[in-house]
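What follows is a single structure, written as structure tokens, with notes after it.
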Amino acid sequence: MTALPDNVIHGDCIEIMRAMPAGSVDFVLTDPPYIARYKSRDERTLLNDDKADWLHGAFKETHRVLGANAFAVSFYGWPKVDLFFAAWKQAGFRIGGHIVFRKRYASKTAFLEYRHEAAFLLVKGNPGMPASPPPDVMDWTYTGNKLHPTQKSIHVLKPLIESFSKPGELVLDPFAGSGSTCVAASRSGRRYLGIELDATHYETAKARLAAEQHQAACV
């Protein structure tokens, strides 16, 4: 497997992954746009959240750069689950499980109170069973979304990284946002590669990871 350095890259994840060697990452953990036209309470939005034309290409390349027998975990928006399923299946993934993160609060109220986030475990090839499989229902930790309008907590991400990858392996997040997956990977003893299209979020992630590396070097 080609060694790739810890890094956060600014650009289109499809184009960047196309330039990466096949099978060059060990685990993928990502939170792509939900195709929901999301707008936060303070009016922040997400690039490409209003269209789905990137979906198939992104997961095709994600599958290609993932190792031969490996896992990926992708968050998704349930109203567009049919689009995500089609993209995952066409890319070559099979479904390994579904994970629900229960919230103590309602993030939105419509016909129901929305009190969870969800992700699918995606499987490429025939990886071995994890030594300590995580539960498929976990408690959510709220970040306050200070660094990103849909910021995920490292406390939610670390158990997934530690279950589906090994120390020293490379974790990829093609939709890196503020860099939470990369921080969680670093704190789990894994290498990381994040890709982020939005220039502002890229700068946030880059600064966050630089601070993380500095802190680790001082310990």
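The values are calculated or read from the model by the stated rules, or taken from the named source; none is laboratory data. Please read all numbers here as calculations on a predicted model, not as lab measurements. Heads up, the Cβs are rebuilt from the backbone with ideal geometry, glycines too, and the neighbour counts pull from every protein chain shown.
Key figures for this structure:
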read-out	value
Residue count for the range 192-203, restricted to those that are surrounded by fewer than 24 Cβ atoms within 10 Å (Cβ to Cβ) and either among the acidic types (D, E) or under 19 Å from T62 (Cα atoms) (or both)	3
Residue match in the range 172-191 (condition: surrounded by fewer than 16 Cβ atoms within 10 Å (Cβ to Cβ) and in contact with a strand residue (DSSP E or B) (Cβ under 8 Å, 6 or more places away or on another chain))	no
Selection within the range 44-62 - assigned to a helix (DSSP H, G or I) and over 15 Å from D173 (Cβ atoms)	L55, H56, G57, K60
Yes/no for Y142 being loosely packed, with under 15 Cβ neighbours inside 10 Å, aromatic (F, W, Y), out of contact with any strand residue (DSSP E or B) (no Cβ under 7 Å at 6 or more places or on another chain) and at pLDDT below 95	yes
Residues located in the range 153-168, provided they are buried (at least 20 other Cβ atoms within 10 Å of the Cβ), under 16 Å from F71 (Cβ atoms) and over 9 Å from the mean Cα position of the chain (by Cα)	L160, I161, E162, F164, S165
Candidate set: the range 29-43, residues that are assigned to a strand (DSSP E or B) and of a type outside the set (S, T, N, Q); chosen: the one surrounded by the most Cβ atoms within 10 Å (Cβ to Cβ)	L29
Residue count, the range 37-62 (criterion: within 16 Å of L83 (Cβ to Cβ) and either of a type in the set (G, A, S) or touching a strand residue (DSSP E or B) at 6+ places or on another chain (Cβ under 7 Å) (or both))	5
Whichever residue in the range 63-117 is of a type in the set (D, E) and farther than 17 Å from L29 by Cβ and, among such residues, is modelled with the highest pLDDT	D82
Some residue of the range 42-57 being under 21 Å from G97 (Cβ atoms) and acidic (D, E)	no
Residue identified as under 18 Å from H10 (Cα atoms) and acidic (D, E) among D139, D173	D173
The range 56-79 residues that are touching a residue at least 12 places away in the same chain (Cβ under 8 Å), paired with ones that are of a type in the set (F, W, Y) and surrounded by fewer than 21 Cβ atoms within 10 Å (Cβ to Cβ) (beta carbon under 6 Å, 6 or more apart)	S74/F120; G77/Y34
